[in-house]
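As structure tokens, the structure follows; a few thoughts come after it.
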Amino acid sequence: MGLIPAPRQVAWGNDSFVLGEGTGIAAGEGTRDTARWLRATLGAVTGLELPPKDAADATGATGAGESGGVIRLRVDPALDAEAYRLSVTADGVSIEGGAAAGVFWGAQTLRQLLGPDAYRRAPLAPGRVWTLPYVTVEDAPRFGWRGTMLDVSRHFMPKDGVLRLLDLLAAHKLNVFHFHLTDDQGWRVEIKRHPKLTETGSWRARTKFGHRASPLWEDKPHGGFYTQDDIREIVAYAHARHIAVVPEIDLPGHSQAAIAAYPELGNSDVIDTTSLPVWDTWGVNPNVLAPTDNTLRFYEGVFEELLDLFPSTFIHVGGDECPKDQWKQSPTAQARIKELGLADEDELQAWFIRHFDTWLSERGRRLIGWDEILEGGLAPGATVSSWRGYRGGITAAQAGHDVVMCPEQQVYLDHRQAPGEDEPVPIGYVRGLEDVYRFEPVPPQLTADEARHVLGTQANLWTEVMENAQRVDYQAFPRLSAFSEVAWSELPEPAARDYADFERRMTVHYRRLDALGVDYRPPSGPMPWQRRPGVLGRPIEGAPPNV
């Protein structure tokens, strides 16, 4: 059946169950969101009503032998929270999960068992018979953090595109959506006490087309932002699909959009911050936040509003690529270093991060940041997103800090998928489908106790060269399908993984992606409309051949 990600145990039977007009859904306590999702998705494509059945049927005590059978949903606390057991027999379907999330992941597998056409939004033909093979599936995820990051600052994705992406993540049993909302090129979330962040900071005058060395520009304004009600809708939509939304607000670097809106946030004793626009190109920006009390109070106000919008335990503060040149020249920054008794500018950045680590901890939240937050000393409660390879994650885990593994060399999906000239706007390392499939999130240098600090893994989509949802589709898929199996399934060591079997299952999964309208990269290479001939990319200098 081409199940992706691969479940732990599958036992096939010799017959099949037919969904009919009498088939209903019996939703036990805690499973009603999944029942609504099943009724909406499967009801739309099959034309069946799938009416509610008595909740007692969810236990299996009644309903056996009913005309049309029953889809039973039930929480079984004996299972781990995200684990599930799915069974299809003559009496119908039973999905049991350790918690509501487990039941939902079982429902996702049920959809796969119905075939690729189950991913459409309306019936292809009246009167079609929908069948499920007799099967028992027992399954559970390897990692609790199975994430995908989307950068909407470099190129804004309208709300409908975000909701669509959440459905794609759910279909792959991915459960964390890292929402990169601010950067030099745009501020994307409404903050009511600081309205200029979106009035000014969400729009730039033009946009570099391709790598920053490219001579090409798109000479029209680009921008947009999510209102607070948009954010509430996105978070609720994700929550119903058991996806946690982790917002990122960058500080103290990657902050020119905020400084453009409120110049007092920048190092005004070094440069004229009133002349800074929202940045229109890519790279590491020298304009960083001033280490002042005013800056701290400003961002505390930002986070106060964010905490009301995002119930997630983790709040991402960036912390990466913060050049120290302005701080070295700034009398204000140097006075702050002396006042705090710090050794240097690295420790000044660490002070910035520790401040918000304490502030978030006092409110029951946890700070997470890119691995640069290790420099100058890691804040006591901080979790590290290890992006510059494995080293930062190894250092953090060995020191007793939690880690999310997302090394750019393996799972930055903005990087190119093949070495050929047809690859659109080639960026970074060549990482094809098999490379992602063989990615191992837990480095062998860690002991068993240290490895427990690896919360999971995440694939990242930076959108400098992804100007719309089609380009995001192309860069994400099918590699995100391979990544989902790395994050969910208990796989052997990378060299021993059965990539041929994965490719075989992908032949079915491509048809699911087709039904969902995903503009993925075909195995044979990009289609003509997916190419970007003549647009300069960023092959990594000094890397091995074809990189």
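The numbers here are math on the coordinates, done by the rules we state, and not lab data. Nothing here was measured: the structure is a model prediction, and the numbers come from that model. Note: ideal-geometry Cβ built from the backbone for every residue, glycine included; neighbour counts use all protein chains shown.
Please rank M527, M157, M1, fewest neighbouring Cβ atoms within 10 Å first, as an exposure proxy.
Listed from fewest to most nearby Cβ atoms, that is M527, M1, M157.
Thinking of the stretch 268-346 as a set of Cα atoms, what percent of all their pairs are more than 22 Å apart?
37
In straight Cα distance, which lysines are under 17 Å from K220, not counting same-chain residues fewer than 8 positions off?
K208
Let's see if you can work this out: charge +1 on each Lys and Arg Cβ, -1 on each Asp and Glu Cβ, no other charges. What is the dipole magnitude of the stretch 247-394 about its Cα centre, in debye to the nearest 20?
Dipole magnitude for the stretch 247-394 comes out near 320 debye.
Roughly what would the spin-label model give for E199 and S361, points 7 Å off Cα along C-beta, in nm?
For the pair E199/S361, the computed spacing is 3.8 nm.
Where Rh denotes the Kirkwood radius from the mean inverse Cα pair distance, what is Rg over Rh for the stretch 9-139? Don't skip to the answer; put the middle values down first.
Working: Rg = 13.4 Å, Rh = 14.3 Å.
Ratio of gyration radius to Kirkwood radius: 0.93.
Nothing charged except the Cβ atoms of Lys and Arg (+1) and of Asp and Glu (-1): what's the magnitude of the dipole of the stretch 258-333 about its Cα centre? Round to the nearest 20 debye.
The dipole magnitude comes to about 200 debye.
Please compute the modelled spin-label separation between R504 and D15, points set 7 Å along Cα→Cβ, answer in nm with one decimal.
So the label points at D15 and R504 sit 2.7 nm apart.
Once the other residues with Cβ under 11 Å from the Cβ of V270 are scored (Lys, Arg +1; Asp, Glu -1), what is the net sum? Present the calculation step by step, with values, prior to reporting the outcome.
Values: positive: K328; negative: D269, D272, D325.
Neighbourhood net charge equals -2.
For the stretch 335-389 and the stretch 473-547, what is the centre-to-centre distance using only Cα atoms, to the nearest Å?
So the separation of the two Cα centres works out to 35 Å.
Taking K324 as the anchor, which lysines have their alpha carbon closer than 24 Å to its alpha carbon, excluding any fewer than eight residues away along the same chain?
K338
Evaluate the Kirkwood expression for the hydrodynamic radius of the chain, namely the inverse of the mean inverse distance over all pairs of different C-alpha atoms, and round to one decimal in Å.
With all distinct Cα pairs of the chain included, I get 24.7 Å.
Antiparallel DSSP bridges in the stretch 9-139: what percent, to the nearest 5?
Antiparallel bridges: around 65 percent, rounded to the nearest 5.
Using only alpha carbon pairs under 8 Å that are at least six residues apart, calculate the relative contact order of the chain and give it in whole percent.
For the chain, the relative contact order is 15 percent.
With +1 on each Lys and Arg Cβ and -1 on each Asp and Glu Cβ, how big is the dipole of the stretch 145-539 about its Cα centre, in debye rounded to the nearest 20?
Rounded to the nearest 20 debye, it is 780 debye.
Fewest to most neighbouring Cβ within 10 Å: what's the order for K173, K220?
Least to most surrounded, the residues fall as K220, K173.
Going from the alpha-carbon gyration tensor of the stretch 475-517, what semi-axes, largest first and in whole Å, does one get by taking the root of 5 times each eigenvalue?
Over the Cα atoms of the stretch 475-517, the semi-axes work out to 21, 12, 8 Å.
Work from the charge dipole of the stretch 75-134 (Cβ charges, +1 for Lys and Arg, -1 for Asp and Glu, about the Cα centre) and give the residue of V103, L86, G115 farthest towards its positive end.
G115
Quick test of the membrane-span-like rule: which DSSP H helices of the chain reach at least 15 Å along their long axis (C-alpha atoms) with mean Kyte hydropathy at least -1.0? List each step's numbers first, then the result.
Details: long enough: 32-46 (20 Å, -0.21); 100-113 (20 Å, 0.44); 159-171 (18 Å, 0.85); 228-240 (18 Å, -0.34); 293-309 (24 Å, -0.17); 345-361 (24 Å, -0.53); 499-516 (24 Å, -0.83).
Taking the DSSP H segments of the chain (at least 15 Å long, mean hydropathy at least -1.0), we get 32-46, 100-113, 159-171, 228-240, 293-309, 345-361, 499-516.
Specify which residue in the list A487, L367, Y474 is farthest towards the positive end of the charge dipole of the chain, using unit charges on the beta carbon of Lys, Arg (+1) and Asp, Glu (-1), about the Cα centre.
Of the options given, the answer is Y474.
Fewest first, what order do E321, E345 take by the number of other Cβ atoms within 10 Å?
By the 10 Å Cβ count, ascending: E321, E345.
When the Debye formula is applied to the Cα atoms of the stretch 424-545, each taken as the same point scatterer, what base-10 log of I(q)/I(0) results at q = 0.10 Å⁻¹?
-0.38
Could you estimate the translational diffusion coefficient of the stretch 123-169 from the Stokes-Einstein equation, with Rh from the Kirkwood formula over C-alpha pairs, at 4 °C and 1.567 mPa s, in whole µm²/s?
It diffuses with D of about 84 µm²/s by this estimate.
Using the charge dipole of the chain (Lys, Arg: +1 at Cβ; Asp, Glu: -1 at Cβ; taken about the Cα centre), state which of I540, L165, A140 has its Cα farthest towards the positive end.
Farthest along the dipole direction, towards plus: L165.
Taking every DSSP beta bridge that has both residues in the chain, what percent is antiparallel when rounded to the nearest 5?
Details: 26 of 71 bridges.
Of all bridge pairs located within the chain, approximately 35 percent are antiparallel.
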